[in-house]
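A short worksheet on the structure shown next.
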Amino acid sequence: MDVPRTAPPQASYPAAWRALHWATAVAVAALLTAGLWMTARGGAGIWDGITNTLYAWHKAIGICVLLLTALRIAIRLRLGVPPYPQTLSPTRRRLAVALNHVFYTLLVAVPLLGWAGVTAYPALVTVGGVDLPAMPLVPQDSALAARLFGIHGTLALLLGALAAGHAAMALHHLFAARDGVFQRMWPGRAGASNGQG
Ligand code: HEM
């Protein structure tokens, strides 16, 4: 008897949700790269146009990630999450859900800490000379800004490490487990999107 090489198709995330997921992934990769690059340049005393442009775009894209995450949380609360395939053990399902919650927490906390830091510093200017609004209730205080930036950087690196593990697990589902979990989030997936409600 032929053994199927792949699991049957699974319910996938709605198209808009998948688009938000991949937009966030690209933005976070860009933010981690720009964040490490600009602080290295600043730390080396290089305050030229490139460094300033990196800072300006880092702040602008970071705020976009905050807004996209708020939208994702709203969609998730409204639609629920498509069911995981039965082939995934209850423990693996619980782990996946817990990791998703950690991601959402970091995707809110990291940009909020960055915004609080630039408010305290203050350094609110972004792309095209447009200023961000100051975060309410955050005083101008350079020692506070340094602490906020320290926590911002540490949590951003934790986010990057978890995202790398998450990508490795996604590739495991695609190439080794072949259980349809990867396809749930892949943009090219045709057909059944199935939010629970
Ligand atoms: C998901 C969103 C974000 C990620 C992943 C991220 C990531 C990073 C990383 C990796 C660094 C370098 C940390 C280090 O070298 O120690 C950094 C620094 C920085 N980030 Fe973000 N960031 C995000 C959002 C934001 C936002 C929204 C703002 C401000 C509006 C911001 C402002 C800054 C500033 C000013 C620094 C430099 C801090 C310093 O000079 O010590 N970031 N960020």
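Is it the case that segment 162-175 has a residue that's touching a helix residue (DSSP H, G or I) at 6+ places or on another chain (Cβ under 6 Å) and surrounded by 14 or more Cβ atoms within 10 Å (Cβ to Cβ)? Looking for residues that are touching a helix residue (DSSP H, G or I) at 6+ places or on another chain (Cβ under 6 Å) and surrounded by 14 or more Cβ atoms within 10 Å (Cβ to Cβ), one finds none in segment 162-175, hence no. Of the residues making up segment 101-109, not a single one is touching a strand residue (DSSP E or B) at 6+ places or on another chain (Cβ under 7 Å) and surrounded by fewer than 13 Cβ atoms within 10 Å (Cβ to Cβ).
Just one residue in the set Leu132, Leu77, Leu106 is within 15 Å of the chain's Cα centre (by Cα), over 21 Å from Gly180 (Cβ atoms) and not polar (S, T, N, Q); that residue is Leu106.
Buried (at least 17 other Cβ atoms within 10 Å of the Cβ) and within 11 Å of the ligand (Cβ to nearest atom) - does that describe any residue in segment 74-92? Give the derivation first.
Within segment 74-92, the first condition is being buried (at least 17 other Cβ atoms within 10 Å of the Cβ), and the residues that meet it are 79, 82, 84-85, 88.
From what is left, the residues that are within 11 Å of the ligand (Cβ to nearest atom) are none.
Within segment 74-92, not a single residue is buried (at least 17 other Cβ atoms within 10 Å of the Cβ) and within 11 Å of the ligand (Cβ to nearest atom).
Out of all the residues in segment 36-66, which are within 10 Å of the ligand (Cβ to nearest atom), of a type in the set (A, V, I, L, M, F, W, C) and either farther than 18 Å from Val125 by Cα or modelled with pLDDT under 95 (or both)? Answer for segment 36-66, where residues must be within 10 Å of the ligand (Cβ to nearest atom), of a type in the set (A, V, I, L, M, F, W, C) and either farther than 18 Å from Val125 by Cα or modelled with pLDDT under 95 (or both): Leu36, Trp37, Ala40.
Against the definition (surrounded by fewer than 18 Cβ atoms within 10 Å (Cβ to Cβ), over 16 Å from the mean Cα position of the chain (by Cα) and not in a helix (DSSP H, G or I)), how does Ile50 come out, yes or no? Explain how you work it out, then say what you get.
Numbers: surrounded by fewer than 18 Cβ atoms within 10 Å (Cβ to Cβ): yes; over 16 Å from the mean Cα position of the chain (by Cα): yes; not in a helix (DSSP H, G or I): no.
For Ile50, the condition - surrounded by fewer than 18 Cβ atoms within 10 Å (Cβ to Cβ), over 16 Å from the mean Cα position of the chain (by Cα) and not in a helix (DSSP H, G or I) - is not met.
For segment 181-197, name all the residues that are out of contact with any Phe, Trp or Tyr (no Cβ under 8 Å at 6 or more places or on another chain) and modelled with pLDDT of 85 or more.
Keep residues of segment 181-197 that are out of contact with any Phe, Trp or Tyr (no Cβ under 8 Å at 6 or more places or on another chain), which gives 182-183, 186, 188-192, 194, 196-197.
Scanning segment 181-197 gives Phe182, Gln183, Trp186.
When Thr33 is tested against (1) part of a helix (DSSP H, G or I); (2) more than 13 Å from the ligand (Cβ to nearest atom); (3) without any contact (Cβ under 8 Å) to a residue 12 or more places away in the chain, just one condition goes unmet, and that condition is (2).
The values are calculated or read from the model by the stated rules, or taken from the named source; none is laboratory data. This structure is a prediction, so every number in the text was calculated from the model and none was measured. A quick note on method: Cβ atoms are made from the backbone with ideal geometry, for glycine too, and the neighbour counts reach across all protein chains shown.
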